[in-house]
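Everything on this sheet refers to the single structure shown next.
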Protein chains: 2
Amino acid sequence: MDIKSAVLQLSSIAQEARLEIFRLLVQAGPDGLPAGNIGEALQIPGSTLSFHLKELSHAGLINSRQVSRFIYYSANYEAMDGLLAYLTENCCAGIKDCSPASACSTK
Amino acid sequence: MDIKSAVLQLSSIAQEARLEIFRLLVQAGPDGLPAGNIGEALQIPGSTLSFHLKELSHAGLINSRQVSRFIYYSANYEAMDGLLAYLTENCCAGIKDCSPASACSTK
DNA sequence: ACATTAATTCTATATTTATGGAATTATAGA
DNA sequence: TCTATAATTCCATAAATATAGAATTAATGT
């Protein structure tokens, strides 16, 4: 993970609507949700929602697949893991008592 | 941690210059570095640097203390831990094989 | 008191990001 | 084929963010 990718992914969730979308998709599980359901759940107009979904997709934090007329969006857990790993390294590098690393014996 | 704080903290590191500043301060350890050294190391003009340091401070991810004419900035590890914990919960909630959580038996 | 240095604030400007109505595209069913 | 529905793209506009020179503030040493 290079710093530009990290910034791109961070930017994609550094916005309230998009962080809410991502949380909702995490909760929704691997199958995800159709765009319409997301917009309805979070009360976001269609065009605005598409804009945010594109940001998250472009950063690679969500995936999409078409099922008939519906486009299902789902959280990309692997990508989020990669981002967390990057941040953990950059937060905890060489520091003994940095909690995520110390709580985690394998790191 | 509420969503607005998470977004504020994420925004503060979702920018290349600021993520570089934060990384540098993590590497520098608990004592941190004076503003001037940061600007010199990363080749950032003073006024721009002050702007970014203020953003990071306001988000609570860095601390500062004055030593004579120098202002030392240092990473706030606890705050970063809190952000990582929030993201881990929001990434991994209820999902067994999400790596940061699964690699970490205490979570 | 004066000059020097560290850092910030002020200011203007440029750039990026966010919002949402209207129009468009695409899929499905009658 | 015509209609309804899902979603996106287009477009204009608004708002927030980033940049950096110039001026200012504050601390130190002479």
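The values are calculated or read from the model by the stated rules, or taken from the named source; none is laboratory data. Only a predicted model underlies this, so the values are computations on that prediction, with no experimental measurement involved. All Cβ positions, glycine included, derive from the backbone under ideal geometry; neighbour counts span all protein chains shown. Ligands, DNA and RNA are excluded from the accessible area calculation, which covers all protein heavy atoms including side chains. Shrake-Rupley method; radii C 1.70, N 1.55, O 1.52, S 1.80 Å.
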What total accessible area, in Å², is buried where chains B and A meet, using a 1.4 Å probe and rounding to the nearest 100?
3000
Other protein chain Cβ atoms within 10 Å, averaged over every residue that makes up B:8-17:
5
At R0 = 45 Å, FRET efficiency that the Cβ-Cβ distance of B:LEU42 and A:ALA17 yields, to 0.05:
0.90
On the accessible surface of chain A, probed at 1.4 Å, how many percent belong to carbon and sulfur atoms?
51
What whole number of Å gives the distance from the Cα centroid of the stretch A:1-23 to the Cα centroid of the stretch B:1-50?
17
Determine the calculated [θ] at 222 nm for the protein assembly as shown from helices alone, applying -39500 (n - 2.57) to every DSSP H run no shorter than 4 residues and normalising by the residue count; nearest 500 deg cm²/dmol.
-18500 deg cm²/dmol
Pop out the ³J(HN,Hα) list for the stretch B:78-83 in order, Karplus 6.51 cos²θ - 1.76 cosθ + 1.60 with θ = phi - 60°, rounded to Hz; leave Gly and Pro as x.
4, 5, 5, 4, x, 5
Once you place label points 7 Å from the Cα toward the Cβ at A:ARG69 and A:SER50, how far apart are they in nm?
1.5
Excluding ligands, DNA and RNA, what is the solvent-accessible area per residue of the protein assembly as shown at a probe of 1.4 Å, expressed in Å²?
51
If we hang a label 7 Å off Cα along the beta carbon direction at A:ASP2, how far is it from the matching labels on the other copies, in nm, shortest first?
3.9
Ordered by residue, what ³J(HN,Hα) values in Hz, to whole numbers, does the stretch B:21-33 give under the Karplus form 6.51 cos²θ - 1.76 cosθ + 1.60, where θ = phi - 60° and Gly and Pro are x?
4, 5, 4, 4, 5, 5, 4, 5, x, x, 6, x, 9
With one decimal in nm and the nearest listed first, the spacings from B:GLN66 to its own position in the other copies, using label points 7 Å along Cα-to-Cβ, are 6.2
